[in-house]
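In what follows, a single structure is set out as C-alpha cells and then discussed.
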Amino acid sequence: MTERPKEWVFSDPRLKDLQQDYDAYTEEDFQVWKILFERQIVNLPKAASQAYLDGIKQVNFTADRIADFREVNKKLAETTGWEIQVVPGLIDDDLFFGLMHNKRFCSSTWLRKMEQLDYLEEPDMFHDAFAHMPMLTNQHYVDFLEQLAGIALKHIDDPWAIELLSRIYWFTIEFGLIREHGELRIYGAGILSSAGETKFCLSDAPAHHPYEVKKIFNTPYWKDKFQDKYFIIESYEQLYHSIPEIERVLEEMLAETANQ
C-alpha cells in the first residue's frame, strides 16, 4: 500500500454526503427494529458480556426508537472517542480498515424487511447498531480494533494476509466469547444479533477453544450457518495485548508461504 496520511479516508469520494436520514425511516422500519430488539434483548442479561450490557445502557438503545447515530456519536465521544461512519453497505478492505484505524466504525443505515427477520446475507443496521455499537464504549476493545486495522493497512495489497486477519476479526469481533466470573459470555456481534446463535454458542454442541492467535489464523470460517467452534478470551486486556503476537505470527506465516 502506498504510504498516505493517516486521515486520507475522510476525503474518500466513496463516503461523500453519506449520513443517516432518520426522518426517512418508515413505520415498518420501526416495527422491524422493535421486533428484533425485543426478541433478542431478553436473551442477553445472562448471555452477553458485562461490557455489552453496560454499553447498551450508555448508548441508550430502546425497542421503541431506532438507533440515532448523532446520539450514539455524542455518547462515544464521552467514552472512547470513536464515531460512527455511515457507509453504503459492504465496502473495500482499504476503506474499511482505514476508517477503523481512524476510530470510525462503519455502519449501514438500512433495515431489513419484515420477511427478512431471520436471515440476511449482508449485515443491516440492526446488526451494526444493536450488536456492535454498545461494545465501542469499551476502551480495550476499540484499541484492539484500531491496532488490528493498522496491521491490515500494512498488508492491504496482500490478499492472503487480509484473509488471515479477517479470521482474527471474525472469531473475536463477530463471534468472540469471553469468560467472566467463570462463565462464558458473548461479545461477538454476529452472535449478539442472533437469538439462535446466542443459545447455540453457549451450549455443549460447538467446540470452545482458548484464544490462540496461530490457531485462529489456521481456522477458516463460514458465513451461512452457525460456527462449529468459538474462541474464548479471558479479558479485553488480553485481546488488546495480543496485537504484537498477531503481527509477529502473521509475519512468520507470510514468510513461510513466500518460501514454499
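Tabulated results
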quantity: Estimated vicinal HN-Hα couplings, Hz - region 97-103 in sequence order (Karplus 6.51, -1.76, 1.60; Gly, Pro = x); calculated: 6, x, 5, 4, 5, 9, 6
quantity: Mean shadow area of the chain, taken as a quarter of the surface of its Cα convex hull (nm²); calculated: 14.0
quantity: Size-normalised alpha-carbon gyration radius of region 161-260, reference 2.2 N^0.38 Å; calculated: 1.10
quantity: Distance between modelled label sites at ASP68 and ILE162, nm, 7 Å Cα→Cβ extension; calculated: 3.7
quantity: Listed residue (GLN40, ALA24, THR62) projecting farthest to the positive dipole end of region 18-67, Cβ model; calculated: GLN40
quantity: Residues LEU44, LEU177 arranged by fewest to most Cβ contacts within 10 Å; calculated: LEU44, LEU177
quantity: ILE186 long-range amide H proximity, modeled H, under 5 Å; calculated: ALA48, SER49, ILE178
quantity: Rel. contact order, % - alpha carbon contacts under 8 angstrom, at least six apart, region 8-259; calculated: 20
quantity: Potential extension, GLN50-HIS241 segment - 0.36 nm per residue separation minus Cα distance; calculated: 66.8 nm
quantity: Per-residue HN-Hα couplings for region 19-28 [Karplus 6.51, -1.76, 1.60; θ = phi - 60°; Hz; x = Gly/Pro]; calculated: 7, 7, 9, 4, 5, 7, 5, 8, 4, 5
quantity: Using θ = phi - 60° and Karplus 6.51 cos²θ - 1.76 cosθ + 1.60, couplings along region 244-260 (whole Hz; Gly, Pro as x); calculated: x, 5, 4, 5, 5, 5, 4, 4, 5, 5, 5, 5, 4, 5, 5, 8, 7
quantity: Over the chain: helical MRE at 222 nm, DSSP H runs n ≥ 4 each giving -39500 (n - 2.57), nearest 500; calculated: -12500 deg cm²/dmol
quantity: Exposed trypsin sites (Lys or Arg not before Pro) absent: longest stretch of the chain, with sites in DSSP loops and at most 12 other Cβ within 10 Å deemed exposed; calculated: 114-222
quantity: 20 °C / 1.002 mPa s Stokes-Einstein diffusion coefficient of region 51-124, Kirkwood radius on C-alpha pairs, µm²/s; calculated: 154
quantity: PHE105 long-range amide H proximity, modeled H, under 5 Å; calculated: GLU83, ILE84, GLN85
quantity: Inter-centroid distance (Cα atoms) of region 191-224 relative to region 226-242, Å; calculated: 10
quantity: Mean separation of Cα contacts under 8 Å (6+ apart) over length of region 59-110, as relative contact order %; calculated: 32
quantity: For LYS229, residues with placed amide H under 5 Å, excluding near neighbours; calculated: ALA207
quantity: Extension gain (nm, one decimal) between THR26 and ALA205, 0.36 nm per residue minus Cα-Cα; calculated: 60.5 nm
quantity: Linear extension gain, LEU184 paired with TYR221, 0.36 nm per residue minus alpha-carbon span; calculated: 11.3 nm
quantity: Percent of Cα pairs exceeding the 19 Å cut-off, where the set is region 204-260; calculated: 42
quantity: Listed residues ILE168, ILE156, GLY196: farthest to the positive end of the dipole of region 155-199 (Cβ charges); calculated: GLY196
quantity: Whole-angstrom gap from region 122-137 to region 19-53, using each part's C-alpha centre; calculated: 9
quantity: Cβ-placed point charges (K, R +1; D, E -1), dipole of the chain about Cα centre in debye, nearest 20; calculated: 520
quantity: Where GluC sites (Glu not before Pro) fall in DSSP loop in region 120-226, at most 13 other Cβ within 10 Å; calculated: GLU121
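Only the coordinates and a few stated rules stand behind these numbers; no lab work does. Source: prediction; values computed, not measured. Reconstructed Cβ throughout: ideal geometry from the backbone, glycine too, with neighbour counts over all protein chains shown.
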